Structure formats: C-alpha cells, structure tokens
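Since the structure comes first, as structure tokens, the remarks are kept for the end.
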Amino acid sequence: MAIVTLLTDSGESDHYVAAIKAKIISVNPGIRVEDISHKIKPGDIAHAAFVLRGVFRDFPKGTVHLVGVDSTGNRGDAYIALQLEDHFFVGCDNGLFGLISEKPHQQLVVLNAINSISTTFPERDVFAHQLGEQPALVVGEDRVADLRQDHGVPVGRSTLDGKDDDGDQR
C-alpha cells in the first residue's frame, strides 16, 4: 500500500485537510494517508522544514510527502515533485525542500507545467489530484521519471540551490 504524508499550514478548524485527503482517496482508495502536522503557522517555511527534516526518514523509503506550506503565497513559485534520499516530495518550490537535507535531490520535475490549471488550492487541485490519479507514480524508483514523462517538465538543480546542472552558480 502506498503511503502519502501530509504537512500543511491549513490548521484543523476548517475543511482544507479533509478536502486534500478526500481528493487523494476518491481517486485512489488504496493510498494510505498519514498526517505529520497541520499546525504549522501560515507561511512558516522554516518551522515546516524543521518538522519535515525531523520525521521524513522515519517513514519507509518510497513514501510520498505532500507539503502544503505557503503553497499559495507567491504566484511565481512552481509546483514540483522531487526525489530525495529515496523519498518523494510534492509541493511548492518555495525554498522549503532545500532545508530538509544536505544531500542533492535525485530527480526533480515541475508539475502543472503541461495543461496547467490556475488554483488557489494547489494542495488539493494539483498535488493531491496528481497523487490520486497516478497510483503507479506514488511508489518505486520510476515514480518521478514517470511524472516527468507524462505530467511534468524536468528541471536542473537551479530550483533548489541556485546552481545549474554542472554545479555552477547562476
């Protein structure tokens, strides 16, 4: 059974977390959804990175971590999926993923670049929908490669560390 974790700044007093979970399991009831936290202060990327860094390795390799912290904060931020330390992460490219490990990512793709949709709720409409719609992409080493082929655009290292594929500073 595929595991997807949720880390958001949505709080627990509204319907947002339930809507994300509902989207995932309505498209694929076989996915197991686990909460990390929904009590991150809105937009607090540093705290979210601290929490995620402290727990993601405790989950089995191949786990997908959906991160919805500061996801609608900046219109220019891309939605990405990346493989890091044999875990997969889906979220907004707002700098958070660069804070959770010193190791370089294994693969990185931009989501919602092909047939993009405009939304104020990317956690449900892009991230959760992608995970639920593509169950084969949720586990295994080919997950991000398959995303790149069918649903994303590969990008170089510049998204996370300011360097191009050759390691040169941009």
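The values are calculated or read from the model by the stated rules, or taken from the named source; none is laboratory data. Computed from a predicted model, the values in this text were never measured in an experiment. No Cβ is skipped: glycine too gets one built from the backbone with ideal geometry, and neighbour counts run over all protein chains shown. With ligands, DNA and RNA removed, areas are computed over all heavy atoms of the protein, side chains included. Shrake-Rupley method; radii C 1.70, N 1.55, O 1.52, S 1.80 Å.
Observations, loosely collected:
- Of the residues making up segment 92-122, those that are more than 12 Å from residue 56 (Cβ to Cβ), open to solvent by less than 10 Å² (accessible area, probe 1.4 Å) and either among the β-branched types (Val, Ile, Thr) or in a strand (DSSP E or B) (or both) are 92, 108, 109, 111.
- Checked against the criterion of being out of contact with any Lys or Arg (no Cβ under 9 Å at 6 or more places or on another chain), open to solvent by less than 40 Å² (accessible area, probe 1.4 Å), outside any strand (DSSP E or B) and at pLDDT below 75, the candidates 126, 139, 144 yield just one match: 144.
- Which numbered condition residue 131 fails, given (1) among the hydrophobic types (A, V, I, L, M, F, W, C); (2) modelled with pLDDT under 85; (3) surrounded by fewer than 21 Cβ atoms within 10 Å (Cβ to Cβ); (4) within 12 Å of residue 4 (Cα to Cα): (3)
- For segment 23-59, residues that are open to solvent by 50 Å² or more (accessible area, probe 1.4 Å) and either assigned to a helix (DSSP H, G or I) or under 14 Å from residue 131 (Cβ atoms) (or both) total 14.
- Contact map, segment 1-30: first residue modelled with pLDDT of 95 or more, second residue part of a strand (DSSP E or B) and surrounded by fewer than 17 Cβ atoms within 10 Å (Cβ to Cβ), Cβ cut-off under 7 Å, separation 6 or more or different chains; pairs are 5/34; 6/35.
- Residues being without any contact (Cβ under 8 Å) to a residue 60 or more places away in the chain and of a type in the set (Ser, Thr, Tyr) - total across segment 32-70: 1
- Taken over segment 69-91, the criterion of being assigned to a loop (DSSP other than H, G, I, E, B) and open to solvent by less than 10 Å² (accessible area, probe 1.4 Å) is satisfied by 69, 71.
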